[in-house]
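A short write-up of the structure that comes next.
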Amino acid sequence: MDAITAESKGTPSLQDLASQALDLAKRQGATAAEVNSGLGKGLSVTVRRGEVETVEHHRDKSLSVTVFFGDRSGSASTSDFRPEALSEAVRAACAIARHTALDPFNGLADPAHLARNIPDLDLYHPWALTVDGAIELARRCEDAAFAADRRIRNSEGATVTAHEGEDVYATSAGFMGTVRASHHGVSCAVLGEDDEGHMQRDYDYASVRDARDLPDVEVIGRLAAERAARRLGARQIKTCQVPVLYEAPVARSLLSHLVSAVSGPSLYRRSSFLIDSVDTELFPNMVHLYEEPHRKKGNGSAPFDGEGVETKYRDLVTEGVLRRYCLDSYSARKLKLVTTANAGGVHNLMIRPGADDLQGLLRQMGRGLFVTELIGFGINTVTGDYSRGAAGFWVEDGELAYPVEEITIASNLRDMYRGIVGIGNDVDMRHNICTGSLLIDRMTVAGS
Amino acid sequence: MATDILHSQNLERAQDFLLKPAGIGAGELEQVMSRMLGHQVDYADLYFQYSRQESWSLEEGQVKSGSRHIEQGVGVRAIAGEKTGFAYSDEIIMPALLDAASAARAIARSGQDKTHALATHSGGSLALYEPCDPLSSLEDTAKVGLLERVEQEARRQDPRVKQVMASLGGSQETVLVMRSDGIMAADVRPLVRLNVSVIVEQDGRREHGSAGGGGRTDYGYFLTEERALSYAREAVRQALVNLEATPAPAGTMQVVLGPGWPGILLHEAIGHGLEGDFNRKGTSAFAGRLGERIAAEGCTVVDDGTLPGRRGSLNVDDEGTPTQNTVLIERGILKGYLQDRMNARLMGMAPTGNGRRESYAHLPMPRMTNTYMLAGSMPPEEIIGSVKKGLYAVNFGGGQVDITSGKFVFSASEAYLIENGRIGRPVRGATIIGSGPEVLTRVTMVGNDLALDSGVGTCGKDGQSVPVGVGQPTLRIDGMTVGGTEE
């Protein structure tokens, strides 16, 4: 597959388009402007029960512009790159800026913080995936799931995707950064059925920058099957208060609630339960969280944030103490702080793993609930109140006793963070936020 | 008939708008269709779309940001049996269209181009809303002014209101569907929405409340009957109730759900599980259960895309099928599924006008429109009065369902204890969990106060978001698991 280029001959590059949009903004009288432009293409193929189900060809492009007239701002975006569409978008942004309020915190990032050198983070590995090749991989993946357990009788299919793209961020102050990146994946979701006709679904997947780093697709299929089969026969348990072990893939959500609670907008809007919590002990001493934006091939790696600010290794929590917030330039100015290069989110937020693997954490818990799936959105970020639907396993003597469903787990995030008593070394690296399994000392489980 | 006039206007307008500038006429469409309709392709469609959206948002007393977005493109789909080939382009031009058609039809290998004479005719359509342009229905200054008034109204309610965030959004979408069976259909879809969210603070404790509404109309909707201001008052009321709330109970108990938005219960517990794709594939807990009792006698649930002006309504779905009122559960018996064309055909059923897609860049699937339960006969006071000890939940945040196990959740954002038939102290938000195929069998009372939500629902499925509506009367359900912290 050749490198991404603008679609047809004579079409300007993303960099040229960004420059044109910045010029247009200047000509409209904008005192400053920023532009994001992106172009991507991909292929996604799903095979279900051995037959091709969908073949999707993706091709996306977009350009968004924010203009500043002194302290006023306006934004617009378009998926149409023709000159007249570009002009219309810039005009629309300028028209909006005439009506928005003066906001002294508005503006581009401080030039002192911008990325000067843009390191190659090894994110761009186009995959010459053909439709036939994708079908073959998906078939093998799903076949492995059916072969793994006789109770696997149905499937939502196996999907293979390849995607590559280029993104440009440019400002009227002269910043122009380009990032080329690819991401590829294999996923498989299957259904187990017990003798009474009750069904359970579960899945497994891989997500990588470079297709050569994909595990064998059969492994993904087998894991999906094992996960679905082991849930068969799930039952409700009685309401109780017990320790809860979050399996790594769901433990990630606990850290993403943290990120959202310590992010600039939640803080200046006073809509976070973690206002004024920098330098306070939110976690036990053993918890260390840090951002590692320059990890090679990392799923959340980025050389600069959404405003061109240089990203670098930064601690978030050390020895259980929150050391900083996650800020972009706007919220930093409002809070009289300095940007932490988090415009657009965190970049590879990592936890320092503990010594124990999952078995070790189960043994440490002894008796309690092992959660493998969460559903619903019962998180109040203003108060930290937490109540979500869950499924998983009842654990006795450190061993999975039986599958559990139709229960909720509830507490307050502050208590849950303080109550972390174990961090697994089974770190799930498939995302931008990476953690091992997390053991929490006590939560309320609601059931029958 | 007024319906016909409006409909033909929509089709004409969509053609003028989407096709004419690209020089695409009947001959060109035929050429694209011919490229796809080799002998193994059963069905193909083209979906042209142009959409304009805007949003304005206020915080700290000022409208600080606004944005506009313009998007257009065409999605090309070819179906052979259970196989779907799909490609799209964000340029509506012939070369891109032909490329997309070649990519989509590759799903059926051995087909060859054959000339396909298309006798196009327009399909039926409803006229549930005007093809108005919300974006130009109000001057920009007036949009800003509206949000400022909303902010002032919220602050005026109570000195404990510390933050007010409000947003106003509008869009107009013009779509044109061209099917291989010759049907051509179009729709011009306006949609507006206003949301208010407040933070209140007292003695170091903070809480929030939110309210909003909208529909397929223009911004004038918010100016009538003080609607926008009433959202502000409602958000503050909710936040102040929550400020007094104590921990919710944990365990299985009687639950009374209020009318309107709590109908999200039906969306999660029933609606998704009855979507045709899950049932054709046998992955839904409801698969193969047509004709069986899945709810109490008093429960009749419909999905109705034909309610005038509602957020979930459509004149035609995204496959050109007119929407309809589909009975899902009639007096407790499972009667029907929600279908798009592909799943309907494969299941030997009729399409129900539920084929929806987020945009041209997404494949259509069976989706809900406005899903609600019909009213019963009980006055709501009597329902509450009948409960000795339980939970009364009147407002909810989001919900989610596991289609296969049937387990669903939805999270209360305003709830009270019921003690001896009286509404007692407010309790903090708790998630309620249940089992879709069972929950409605435990409905013991159905209120006479059917209400639809105010127009705030967005449903997500396979990464695609579409606007929907829900509704229900007050319901008593004997035995739901409430996920509080108090044992």
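The values are calculated or read from the model by the stated rules, or taken from the named source; none is laboratory data. Here the structure is a predicted model, which is why all the values come from computation and not from measurement. Note that we place each Cβ from the backbone using ideal geometry, even for glycine, and neighbour counts take in every protein chain shown.
Out of curiosity, is A:TYR325 free of Cβ contacts under 8 Å to residues at least 24 places away in the same chain and more than 18 Å from A:ASP103 (Cβ to Cβ)? Give the steps one after another, and end with the answer.
Numbers: free of Cβ contacts under 8 Å to residues at least 24 places away in the same chain: no; more than 18 Å from A:ASP103 (Cβ to Cβ): yes.
Spelling it out, it is not the case that A:TYR325 is free of Cβ contacts under 8 Å to residues at least 24 places away in the same chain and more than 18 Å from A:ASP103 (Cβ to Cβ).
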Report task. Please go through the range A:43-89 and pick out each residue that is more than 23 Å from B:SER89 (Cβ to Cβ), more than 7 Å from chain B (Cβ to nearest Cβ), part of a strand (DSSP E or B) and not aromatic (Phe, Trp, Tyr). Result -> A:VAL47, A:ARG48, A:THR66, A:VAL67, A:ARG72
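Here is a list: B:SER67, B:SER57. Which entry is more than 7 Å from every other protein chain (Cβ to nearest Cβ), surrounded by fewer than 22 Cβ atoms within 10 Å (Cβ to Cβ) and part of a strand (DSSP E or B)? Give the steps one after another, and end with the answer.
Numbers: B:SER67 fails: more than 7 Å from every other protein chain (Cβ to nearest Cβ).
That would be B:SER57, the only listed residue that is more than 7 Å from every other protein chain (Cβ to nearest Cβ), surrounded by fewer than 22 Cβ atoms within 10 Å (Cβ to Cβ) and part of a strand (DSSP E or B).
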Query - Residues (in a strand (DSSP E or B) and buried (at least 22 other Cβ atoms within 10 Å of the Cβ)) located in the range B:467-479 - result: B:PRO467, B:VAL468, B:GLY469, B:VAL470, B:GLY471, B:GLN472, B:LEU475, B:ARG476, B:ILE477
Report task. Would you confirm whether any residue within the range B:215-231 is part of a strand (DSSP E or B), in contact with a Phe, Trp or Tyr (Cβ under 9 Å, 6 or more places away or on another chain), surrounded by 18 or more Cβ atoms within 10 Å (Cβ to Cβ) and modelled with pLDDT of 95 or more? Result -> yes
Query - Enumeration of residues in the range B:164-175 that are surrounded by 24 or more Cβ atoms within 10 Å (Cβ to Cβ) and over 30 Å from B:GLU59 (Cα atoms) - result: B:VAL175
**Report entry** Identity of the residue in the range B:390-443, within 9 Å of chain A (Cβ to nearest Cβ) and not in a strand (DSSP E or B), that ends up farthest from the chain's Cα centre (by Cα)
**Finding:** B:ARG428
Requested in this report: Kindly check whether there is at least one residue in the range B:446-461 that is in contact (Cβ under 8 Å) with a residue 12 or more places away in the chain, farther than 30 Å from B:PRO190 by Cβ and in a strand (DSSP E or B).
Outcome: yes
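Just name the residue that is surrounded by the fewest Cβ atoms within 10 Å (Cβ to Cβ) out of those in the range A:261-285 that are more than 14 Å from chain B (Cβ to nearest Cβ) and either over 16 Å from A:ARG414 (Cα atoms) or hydroxyl-bearing (Ser, Thr, Tyr) (or both).
Of the residues in the range A:261-285, the ones more than 14 Å from chain B (Cβ to nearest Cβ) are A:262-263, A:278-285.
Next cut, either over 16 Å from A:ARG414 (Cα atoms) or hydroxyl-bearing (Ser, Thr, Tyr) (or both) only: A:263, A:280.
On the way: A:SER263: 22, A:THR280: 10.
Ranking the qualifying residues of the range A:261-285, first place goes to A:THR280.
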Query raised in the report: Does A:ARG116 qualify as being more than 14 Å from every other protein chain (Cβ to nearest Cβ), touching a strand residue (DSSP E or B) at 6+ places or on another chain (Cβ under 9 Å) and closer than 21 Å to A:ALA343 by Cβ?
Result: yes
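Determine which member of the set B:ILE107, B:ILE183 is touching a Gly at 6+ places or on another chain (Cβ under 6 Å), in contact (Cβ under 8 Å) with a residue 24 or more places away in the chain, crowded, with 22+ Cβ neighbours inside 10 Å and closer than 30 Å to A:GLU51 by Cβ. Spell out the reasoning first.
Working: B:ILE183 fails: crowded, with 22+ Cβ neighbours inside 10 Å.
That would be B:ILE107, the only listed residue that is touching a Gly at 6+ places or on another chain (Cβ under 6 Å), in contact (Cβ under 8 Å) with a residue 24 or more places away in the chain, crowded, with 22+ Cβ neighbours inside 10 Å and closer than 30 Å to A:GLU51 by Cβ.
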Query raised in the report: Looking at the range A:90-113, which of its residues are in contact (Cβ under 8 Å) with a residue 40 or more places away in the chain, more than 14 Å from chain B (Cβ to nearest Cβ) and more than 26 Å from the chain's Cα centre (by Cα)?
Result: A:ASP110, A:PRO111
Query raised in the report: Name the pairs: first residue in the range A:297-320 and at positive phi, second residue of a type in the set (Phe, Trp, Tyr), Cβ to Cβ under 6 Å, at least 6 apart or on different chains?
Result: A:GLY308/A:TYR169; A:GLY308/A:PHE175; A:GLY320/A:PHE283
Query raised in the report: Hey, among the residues in the range A:167-206 that are hydrophobic (A, V, I, L, M, F, W, C) and within 13 Å of chain B (Cβ to nearest Cβ), which one's nearest to B:SER405 (Cα to Cα)?
Result: A:MET199
Report task. Go through the range A:102-140 and give me each residue that's surrounded by fewer than 18 Cβ atoms within 10 Å (Cβ to Cβ) and closer than 17 Å to B:VAL63 by Cβ. Result -> A:LEU102, A:PRO104, A:PHE105
